[in-house]
Structure formats: C-alpha cells, structure tokens
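What follows is calculated from the coordinates using simple rules that are stated; it is not laboratory data. In this text, all values refer to a predicted model and were calculated from it rather than measured experimentally. Counting neighbours? That spans all protein chains shown, and the Cβs are built from the backbone with ideal geometry, glycine included.
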Amino acid sequence: MNIERIGTTGPKFVMIHGWAMQTAMFEPMVTKWRNTAQIILVDLPGHGRSRADDTSLSPMDKITETLKNEVGDDAIWLGWSMGGLFALQCATKNARAYIGLSTSPCFTERTDWPYGLSTKVLENMKQSVENDAHRTVKEFLQLEVLGVSRKHPSLKEVSEEAFAHGDPQPKALQEGLDLLEHVDLRHEVKALEIPNLWIGGSRDRLVNPKSLEASAALNQHGECVIIQGAGHAAFISAPDILIEHIEQFGAEHDLGLV
C-alpha cells in the first residue's frame with residue numbers, strides 16, 4: 001500500500017481517496033497545506049500507486065491497523081466518499097480530528113437511515129464493473145464533476161488525474177462496492193470524542209447532503225457544512241470554498257492547519 005508523505009512541519013493530515021479514485025485527486029488541498037502540515041496520502045490497495053497491492057479492502061481492519069501503525073497518534077484524518085469509512089475507523093482512537101468529505105458512515109438505505117443509496121443501485125454497479133470496469137469508472141467520474149463550473153477542470157482533465165497510474169483493479173472495485181453496501185459505522189460516529197466535520201456539496205448525486213447533516217448530529221462534537229452548487233468532489237467543483245471551511249474548522253479547534 002503506497003503511503004506518500006509531503007511536508008515535515010505542522011500537524012499530521014491524512015487523506016484517503018474514494019471508490020475507484022486515487023490521491024492525485026487531492027492536488028488542490030495538497031498544494032494549499034504542503035507547507036503547513038505533514039500531509040500523508042494513502043492510495044488504497046488496488047488503486048493508484050497501490051494498484052499492484054491485492055490486499056482485500058474487506059474487512060477493513062487489516063488496512064486500518066496498518067494505517068494507524070504507519071501514521072501514529074494525534075493525526076487529522078480526512079476521507080472522501082468510500083475513503084471516509086477507512087478514515088473514520090482510524091480516527092476512533094487517539095486522533096486529533098476527523099473530516100468526512102462527501103461521505104457517510106452508512107452508504108445504503110436502512111429503515112432507520114433513509115438517506116442512503118438503494119442496494120439495487122450498488123448491485124447494478126457491481127454488474128457494470130463485471131461487464132466493463134473502465135467504462136463504469138468513467139461514468140462514475142461524470143457524476144462526480146456535475147456542478148463543476150467552466151473555470152474548473154473538465155471531465156477529460158479529471159479523467160487524466162483519476163487514471164494517472166492506471167485503472168483501479170476490478171477486484172478492488174467489487175470489494176469497495178461490497179463495503180459501501182454492507183458497512184455501517186454509525187456506532188463509531190456516536191462514540192467520537194474529537195472534533196468531526198461532515199462537508200459536501202448540495203449537488204452531490206451520490207451522497208445525500210441530508211446524510212451529512214444526520215451524521216454530524218450523531219455526536220456532540222459533530223459539525224456539518226453543505227457547499228451550495230458543489231458536486232460529489234467538492235475539491236474539483238468548489239476547491240477554494242472547501243479549503244476555506246476546513247481551515248475555519250481547523251482554526252476553531254486549534255488544529256494548526258494555517
């Protein structure tokens with residue numbers, strides 16, 4: 001599993017990408033904080049620079065234990081989309097803060113959680129991956145850039161970043177979809193005793209903004225920000241606004257990002 005470190009001063013700031021993606025997508029945030037934080041970029045097995053790593057994504061424990069041992073205590077954990085599940089599990093002990101970017105502790109709809117995706121949607125995605133993994137990921141990218149204004153990267157530019165180190169492994173894609181379908185970390189959110197920020201876009205077609213609000217309400221330290229007009233990848237559709245909100249959160253809780 002490729003773990004890249006950028007910067008030598010400031011707080012440890014871990015970033016974990018979402019389903020089918022890689023940490024190259026975080027470039028706007030890396031550029032912003034590379035001189036004020038020790039940025040730690042994680043490419044999950046089967047993705048990006050970890051494409052050759054066939055470690056299973058499920059169960060999550062093996063990966064999260066590896067990450068916690070590599071990173072150590074007192075880190076800020078940021079996870080985007082599926083990466084939010086791994087970051088959350090890492091942040092449950094000896095962490096400084098948690099930032100969930102367009103993510104949810106429970107991605108599928110439940111009787112007591114009406115904000116998630118239907119299992120049918122995820123089953124259809126599994127079938128699509130089996131039929132044509134590359135095309136499925138390209139279509140997924142189209143959903144992520146909805147809401148992007150013309151001054152921000154085009155779908156072609158985003159695709160070049162997403163596939164910079166090759167397509168994600170189909171095995172990892174299927175395992176990721178299994179996680180999204182079955183994992184429920186709401187109990188872990190309820191137990192969080194650190195500052196936690198849930199932030200996403202109003203035009204997100206993949207994670208209902210109401211799930212962000214509901215997640216923040218699960219514990220007394222939770223906060224929620226919905227960026228108007230942003231899509232699932234707010235660092236593409238509204239990078240300056242996203243960074244501003246994270247820095248404000250950091251200032252409120254003395255996280256040392258500025």
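Observations on the model:
- Amide H contacts of D43 (H built 1.01 Å from N, under 5 Å, at least 5 apart or other chain): N2, E4
- Centre separation in Å (Cα based) which lies between region 75-127 and region 179-252: 10
- Under the combined filter of DSSP loop state and at most 15 neighbouring Cβ atoms within 10 Å, region 155-258 retains these GluC sites (Glu not before Pro): E193.
- In region 31-129, the alpha-carbon atoms span a convex hull of 139 Å³ per residue.
- Antiparallel DSSP beta bridges within the chain, percent to nearest 5: 20
- Treating r as the C-beta distance of L143 and E213 and R0 as 22 Å, the FRET efficiency rounds to 0.60.
- Extension gain, S202 back to Q127 (0.36 nm per residue minus Cα-Cα distance, nm): 24.2 nm
- Placing a label point 7 Å from the Cα of N94 along the Cα-to-Cβ direction, the residues of region 44-72 whose backbone N falls under 18 Å of that point are 61-72.
- Pair-distance distribution P(r) for region 2-252, from all Cα-Cα distances in 5 Å bins starting at 0: 1, 7, 14, 20, 22, 19, 12, 4, 1, 0 percent.
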